[in-house]
Amino acid sequence: MTIYNTTVHGTAKFYEQDAMVLSVPDISSYVGIYPLVRNGKLDMSGFPIGFMDNCPKKNDNMASCDDNHQTFEAKVELLRGALMPPTKSGKRAGQARDPQFDNNYYWTFERFILVSQEVFSPNTPQVVQKPVIGATVTPISSLTEGELVTIRREMATNDRTAIMQSASYFMNEPIEGVILGAEKLANWLNARTCIRHTSKQFGEANQSESPVEVAQPISDNVPTIKNREDMHKAITASGFTAEQCLQALDKMGYENSSDFLSKNPDDFEGMFNQISVVLNSTPKEEEIW
């Protein structure tokens, strides 16, 4: 097996078998179909958020692709198989294929090694988030890798929350309606996540664009959280109660902290950050009245 730089076009079926649609310049100059290895399972959980899987080859492996759709970059592990049989037409019909060229072999997809979160969409203009009035915004490009990891985790949680909320609200609608509702909810939640992490003075503007003071989601005095003990100290320092934390976890779609950690192993810092976001965005009793 070998690791290759690829452009991922999406997913497809290859004789009823799950497959990836990839452009692999080191193997071929054409966009190809790469079936998953035997007993392999298609996992799209690592795909960039909002990626639209609509390459022409998705429904017809003989279709040509003009790159006029969303793609993203990734490093993948591919397995080279047997040499293909001779072609049945053309100048080399009936002749054995040249083994020195990689495009003359069968290839299967093993796994993703690294996935870029940037999605290429030539026909879709980029949406620029309007800065929050009265806030100092940090460009996404200047955030640390740790900060980006936290943002991605929260966005993944937002997606799960959105689909649960949409399924509850549109319970009598067809699945297409549920997905549409989830996309709208997730887009709103993820936009808020970006604002919270890139604004030093987090706030939101009303229709008259006058600033509204909102509590900071995460205290600057909270230390690095590496284990459960660190997390408990951070929760105490933030003034949260155990009951409040359980309520926040319930809103996030988890039964308790153990349920969160079973799905996000050892991510104590991510759990605290997400609890902080939920609790700091929940109106206090005196604000409600």
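At-a-glance table
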{"quantity": "Test: residue in the stretch 42-59 that is over 24 Å from the mean Cα position of the chain (by Cα) and either more than 30 Å from LEU185 (Cα to Cα) or among the β-branched types (Val, Ile, Thr) (or both)", "calculated": "no"}
{"quantity": "Search result, residues across the stretch 45-58 that are surrounded by 11 or more Cβ atoms within 10 Å (Cβ to Cβ) and assigned to a loop (DSSP other than H, G, I, E, B)", "calculated": "GLY46, PHE47, PRO48, ILE49, GLY50, PHE51, MET52, ASP53, ASN54, CYS55"}
{"quantity": "Subset of the stretch 89-104 (residues that are under 43 Å from the mean Cα position of the chain (by Cα), in a loop (DSSP other than H, G, I, E, B) and not polar (S, T, N, Q))", "calculated": "ARG97, ASP98, PRO99, PHE101"}
{"quantity": "Test: residue in the stretch 106-123 that is assigned to a loop (DSSP other than H, G, I, E, B) and either touching a strand residue (DSSP E or B) at 6+ places or on another chain (Cβ under 8 Å) or at pLDDT below 55 (or both)", "calculated": "yes"}
{"quantity": "Qualifying position, being within 12 Å of THR11 (Cα to Cα) and of a type in the set (Phe, Trp, Tyr), among PHE51, PHE120, PHE112, PHE101", "calculated": "PHE51"}
{"quantity": "Residue tally, condition over 14 Å from the mean Cα position of the chain (by Cα) and crowded, with 16+ Cβ neighbours inside 10 Å, over the stretch 180-193", "calculated": "4"}
{"quantity": "Close pairs from the stretch 1-28: first over 20 Å from PHE47 (Cα atoms), partner of a type in the set (A, V, I, L, M) and part of a loop (DSSP other than H, G, I, E, B), Cβ under 6 Å, at least 6 apart", "calculated": "none"}
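The values are calculated or read from the model by the stated rules, or taken from the named source; none is laboratory data. Only a predicted model underlies this, so the values are computations on that prediction, with no experimental measurement involved. Every residue, glycine as well, gets a Cβ built from its backbone with ideal geometry; the counts of neighbours run over all protein chains shown.
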